[in-house]
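Worksheet: one structure, shown below.
All of the numbers you see were taken from the coordinates with simple rules; none came from a lab. None of these values were measured; they are calculated from a predicted model. Neighbour counts are summed over all protein chains in view; Cβ atoms, including those assigned to glycine, are modelled from backbone coordinates with ideal geometry.
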Amino acid sequence: MLGLSTDIGIDLGTANTRVYLKGKGVVFREPSVVALDAETRKVLAVGKEARMMIGRTPGSILAIRPMKDGVIADYEITEVMLRHFISRACGRKVLMKPRVIICIPSQVTGVHKRAVLEAAAQAGARQTFLVEEPMAAAIGAGLDIWEPSGNMVVDVGGGTTDIAVISLGGIVVADSCAVGGDKFDESIIRYVRREHNLMIGERTGEDIKIQVGSVYPQAPTEAAEIRGRDFVTGLPKTISFSSREACLALCEPVNEIISSVKGVLERTPPELAADIVDRGIVCTGGGALLSGFARLLSEEIGIPVHIAEDPMSCVIMGASKIFESPKMFENSLVAGAKSM
Ligand SMILES: Nc1ncnc2c1ncn2[C@@H]1O[C@H](COP(=O)(O)OP(=O)(O)OP(=O)(O)O)[C@@H](O)[C@H]1O
Ligand SMILES: [Mg+2]
């Protein structure tokens with residue numbers, strides 16, 4: 001039963017981790033980054049402060065993003081990060097170790113599920129439950145997934161895009177492609193290097209994407225200044241970068257997402273596909289905020305596309321609703337993926 005113990009929901013994202021505390025709501029959202037002393041491995045900072053250090057560390061400090069492509073890339077650092085976030089959510093007066101729900105991408109391997117469960121246990125969870133991200137995203141976006149009709153969610157995160165068709169509380173068809181905000185940033189970085197001979201770091205790539213990134217060719221053109229290092233002279237240089245160029249840089253990763261969505265639709269039973277045509281697709285995740293994304297997706301597949309309200313919080317809101325509703329708690333967790 002949902003008793004008096006502390007219940008925590010964690011959306012362990014590639015870019016951001018969000019934490020929910022039962023009775024309090026979403027208590028914080030922090031970048032999934034840990035800064036370490038390279039020699040002693042002592043943790044120097046976690047979250048925002050550690051993110052500020054990316055690309056700016058001297059040799060003695062490492063700023064690490066332990067999640068890559070939606071999965072744990074560095075197990076030890078993930079555990080450190082989880083421990084930090086769990087203790088921050090619980091505060092000092094923990095009487096009983098918390099129960100934790102962790103959101104994981106659909107389609108991850110059993111090995112990855114066990115790694116998440118193990119990391120959570122090591123980080124102080126008494127019991128850990130797993131929920132698939134698209135399921136949590138759909139619940140968090142307010143879709144009624146318990147009805148016998150088709151709902152489609154496309155969660156464009158930092159590392160992965162999770163696509164799922166859900167009906168009667170279960171995932172009917174799903175796919176997860178390793179394209180998300182990080183790939184968008186990388187494409188911009190590569191484009192700027194190729195076309196402007198300018199080297200920029202990942203933080204700058206992301207800033208530019210958020211400022212002038214666009215994937216819809218007809219959108220009005222905007223431009224931003226980019227500062228970096230000239231590839232040829234080795235000296236600092238500033239260029240102007242337009243949303244039209246961003247569009248060229250981003251078309252490849254965005255097309256990958258569009259073809260994954262098409263693939264899922266092709267495998268969707270016709271009755272459910274008809275429901276999706278009627279209701280439209282719901283996009284969640286920070287990547288869905290990329291200018292023109294929803295419009296392009298909608299035109300390419302011929303189905304309306306809506307961006308959920310506060311798309312970056314849908315997954316954690318879903319996890320919170322699961323803890324608050326015994327029915328959902330019984331029915332939406334990954335079967336068998338529990339640790340005691
Ligand atoms: N306004 C915006 N325009 C474009 N991209 C954005 C915008 N705001 C945030 N993003 C991108 O959204 C991504 C983060 O989204 P989100 O927090 O949903 O990912 P995540 O949950 O950490 O990743 P994943 O679910 O893949 O593990 C980042 O790549 C960020 O650059
Ligand atoms: Mg996510």
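Remarks
- Compactness of the chain was expressed as the Cα radius of gyration divided by 2.2 N^0.38 Å, which yields 1.02.
- Helix content alone sets the calculated 222 nm mean residue ellipticity of the chain: runs of n ≥ 4 DSSP H residues at -39500 (n - 2.57) each, divided across all residues, give -11500 deg cm²/dmol.
- GNM result for the chain, Cα springs below 10 Å: residue of Gln218, Gln122, Gln107 fluctuating most strongly: Gln218
- The range 201-232 residues near the modelled Ser242 label - backbone nitrogen below 20 Å, point 7 Å along Cα→Cβ: 208-227
- Rounded FRET efficiency, nearest 0.05, which uses the C-beta distance separating Val277 from Gln218 and R0 of 35 Å: 0.90
- Of the residues Ala224, Ala174, Ala89, the one that moves most in a GNM of the chain with alpha-carbon contacts below 10 Å is Ala224.
- Volume in Å³ per residue [convex hull over Cα atoms, computed for the range 181-249]: 66 Å³
- A dipole drawn for the chain from +1 and -1 charges on Cβ atoms has a positive end, and of Cys177, Pro311, Leu130 the residue lying farthest that way is Leu130.
- Considering only Thr109, Thr204, Thr268, the mean-square fluctuation computed in a Gaussian network model of the chain, springs between alpha carbons under 10 angstrom, is largest for Thr109.
- For the residue pairs Lys113/Lys262; Lys113/Lys327; Lys22/Lys209; Lys48/Lys237, alpha carbon separations beyond 32 Å are given by Lys22/Lys209.
- Alpha-carbon Rg/Rh ratio, for the range 75-224, with Rh computed the Kirkwood way: 1.06
- Sparsely packed loop sites in the range 197-304 (the trypsin sites (Lys or Arg not before Pro) outside DSSP H, G, I, E and B with at most 14 other Cβ atoms within 10 Å) comprise Arg267.
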